[in-house]
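Please treat every number below as a calculation from the coordinates, not as lab data. Here the structure is a predicted model, which means the values were calculated and not measured.
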Amino acid sequence: MSNPAPAEPPPPPQPQLPSQESNKSLQLVITVLLSVVVLLLVGGILIYLTWRHPSLATPITTAVTVIGVILTLVGILIAILKR
């Protein structure tokens, strides 16, 4: 009576290549830089509008506050769903 051949263990996971890791970090850096540029541009436009048209200060402040609250809630929801 012969013993059956033992099952082969699954191969170990392949490590990421350095080029893939640097590509991901480069994408992250580009995304952060573009986000900063866009936020500075939008912020500058809003500051200019409130300086040239003071009557728009209250509506712009309210809109920015509402958008900030919505983005915060979306961020919290994403963080909870990733658990």
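Note on residue 21 and residue 73: the extension gain reaches 15.7 nm, defined as 0.36 nm multiplied by sequence separation minus the Cα-Cα distance. Helix 18-52 and the long axis of the chain differ in direction by around 10°, with both axes built from C-alpha atoms. In order along the stretch 58-75, the Karplus-derived 3J(HN,Hα) couplings, from 6.51 cos²θ - 1.76 cosθ + 1.60 at θ = phi - 60°, round to 5, x, 5, 4, 5, 5, 5, 5, 5, 5, x, 5, 5, 5, 5, 5, 5, x Hz, and Gly and Pro are given as x. Quick one, what does Rg over Rh come out to for the chain if you take C-alpha atoms and the Kirkwood Rh? The Rg/Rh ratio comes out at 1.40.
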